[in-house]
2 protein chains.
Amino acid sequence: MTDRPTRERILAVALGAYGTDGFSATSLDALADQLGVRKQTILYYFPSKQALFDAVVDDAAADLVKVFDEEASRGLSGIQQIEAIVRHVFRLAVRRPELLGLVREVTRPGSVTAERLAGHVAPTFDRARDFLQREMDAGRLRSSDPSMLLLSLYSTVVGVATELEVQRALGLPPSLRATVARRQELIRFLRAALATESAS
Amino acid sequence: MTDRPTRERILAVALGAYGTDGFSATSLDALADQLGVRKQTILYYFPSKQALFDAVVDDAAADLVKVFDEEASRGLSGIQQIEAIVRHVFRLAVRRPELLGLVREVTRPGSVTAERLAGHVAPTFDRARDFLQREMDAGRLRSSDPSMLLLSLYSTVVGVATELEVQRALGLPPSLRATVARRQELIRFLRAALATESAS
DNA sequence: AGCACTCTCTACCAATTGGTAGAGAACTCG
DNA sequence: CGAGTTCTCTACCAATTGGTAGAGAGTGCT
């Protein structure tokens with residue numbers, strides 16, 4: 001555990017902290033404590049707190065893009081593809097919640113780092129839009145504006161996967177089984193939202 | 001403008017700052033500067049930074065609950081009621097974006113203040129769930145688990161209304177006209193997601 | 001007038017913040 | 001061996017943080 005390169009360990013711990021508590025609520029000293037190291041060690045690898053954050057975002061973006069591009073390359077179609085992606089997002093939410101937490105942190109309105117993340121995921125977004133357009137043209141999805149549809153899909157999927165506090169307020173338990181049920185309910189919801197009149 | 005009671009001015013400015021930059025990125029000195037006052041004046045009205053935040057959350061929750069309860073009391077049914085609520089949320093997003101920004105801040109996973117907000121909106125959530133159940137029983141909405149459906153609706157509506165950075169990344173312009181288009185597209189999306197087979 | 005109350009201020013303070021300077025250990029390579 | 005390179009450390013520092021103590025101005029009541 002400790003023999004992983006220090007730089008990587010810093011990035012991993014920082015991702016967790018920034019994704020959970022946010023950027024400004026996480027001090028370098030707190031990170032250093034968690035790492036069993038002095039804060040100057042962190043500043044040796046990353047010239048400033050902001051630079052560390054940027055690196056964390058770059059790293060996380062690469063992970064996210066990899067997950068989605070691998071999935072997209074499998075070339076499923078219509079609802080099946082979307083179902084597969086929902087499954088992936090939920091797997092991420094369960095296995096690496098900090099990753100989606102970081103996305104939430106970075107996409108806060110007015111965030112300066114948002115543009116950085118946007119740059120990384122732009123090609124993936126483009127592909128997703130193209131996919132939606134193609135499927136609509138082929139009559140496998142209800143037709144609508146692909147960008148706006150993508151926004152709705154993004155909000156719904158990421159929200160259902162990450163809005164833990166809203167779920168608590170609604171009395172939805174955080175157990176794994178309940179999460180699976182939530183995912184299936186979400187898929188039914190999306191299926192209905194996306195289906196053409198003919199498709200089941 | 002300046003003759004509004006100081007306490008209220010503090011709450012208003014704090015709502016804006018907490019809703020935009022977040023709790024820990026907003027110092028009492030920054031608030032005081034914005035108010036043209038010393039920070040000790042703030043600490044006269046609110047014993048601590050956390051107490052001020054709690055008061056802001058209480059205030060915001062009251063506003064939110066009022067908006068929704070007024071709307072709910074009009075007794076629309078089915079999709080019409082949901083459309084009306086979507087319209088209200090978008091109006092809030094345009095007119096008082098800090099309010100939804102604060103909700104986003106407070107519902108961050110692990111937030112300690114989440115419970116406070118949850119306490120305020122619990123009755124409203126209950127009513128919403130009851131409404132959904134009733135409409136399902138009456139065959140006006142596709143049947144499913146009301147709590148999970150509410151979670152999906154919440155995520156989609158709040159997301160589409162507040163995910164400004166994702167919208168930018170998708171190339172969706174922030175103009176008012178575009179916002180209206182987004183709202184209408186969202187309503188089409190929800191209509192499809194919620195309709196029973198028979199309803200148009 | 002005199003007292004109490006409300007409000008905002010100045011003056012501090014200890015702790016924490018991100019960051020600089022540079023010493024010293026350990027390893028590599030000639 | 002000796003010189004560089006890589007890494008982590010100690011020692012500081014100025015600025016900012018949330019918060020305390022208490023002075024003083026204004027208002028209203030008796």
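The values are calculated or read from the model by the stated rules, or taken from the named source; none is laboratory data. What you see is a predicted model; the values in this text were computed from it and never measured. Here the Cβ is made from the backbone with ideal geometry for all residues, glycine too, and neighbour counts use every protein chain on show. Areas reflect the complete protein model, heavy atoms only, side chains present, ligands, DNA and RNA absent. Shrake-Rupley method; radii C 1.70, N 1.55, O 1.52, S 1.80 Å.
Among the lysines, select those whose C-alpha is under 17 Å from the C-alpha of residue B:39, and discard any that sit fewer than 8 residues away in the same chain.
Candidates past the 8-residue exclusion: B:49.
When a/c reaches 1.5 or more, the comparison of a/b and b/c decides; with that in mind, is the range B:57-194 rounded, prolate or oblate per its Cα gyration tensor?
oblate
Round to a whole number: what % of the accessible area of the range A:57-194 belongs to carbon and sulfur, probe 1.4 Å?
C and S fraction of accessible area: 53 percent.
Just the number, please: buried accessible area between B and A, total of both chains, 1.4 angstrom probe, nearest 100 square angstrom.
Adding both sides of the contact gives about 4400 Å².
What does the C-alpha gyration tensor say about the overall shape of the protein assembly as shown? Classify as rounded when a/c is under 1.5, otherwise prolate if a/b is larger than b/c, or oblate.
oblate
Hey, if you put +1 on the Cβ of every Lys and Arg and -1 on every Asp and Glu Cβ in the protein assembly as shown, which of B:10, A:148, B:97 ends up farthest toward the positive end of that dipole?
A:148
Using a 1.4 angstrom probe and counting only protein chains, how large is the accessible area of residue B:120 in Å², to 10?
Using a 1.4 Å probe on the heavy atoms, I get roughly 70 Å².
Divide by every residue of the protein assembly as shown the summed helix terms, -39500 (n - 2.57) for each DSSP H run of at least 4, and state the resulting mean residue ellipticity at 222 nm, rounded to the nearest 500 deg cm²/dmol.
Helices in the protein assembly as shown give a 222 nm mean residue ellipticity of -24500 deg cm²/dmol.
Assuming R0 = 25 Å, can you tell me the calculated FRET efficiency for the pair residue B:77 and residue B:122, based on Cβ-Cβ distance, to the nearest 0.05?
0.60
Indicate the residues belonging to the range B:105-127 that lose 40 Å² or more of solvent-accessible heavy-atom surface (probe 1.4 Å) upon moving from the chain alone to the assembly of all protein chains, ignoring ligands and nucleic acids.
B:107, B:108, B:109, B:125
Which whole-number value in Å² is the accessible area per residue of the protein assembly as shown, probe 1.4 Å?
Value for the protein assembly as shown: 48 Å² per residue.
Take the Cα radius of gyration of the range A:150-200 and divide it by 2.2 N^0.38 Å, with N its residue count; two decimals is plenty.
The value comes to 1.27.
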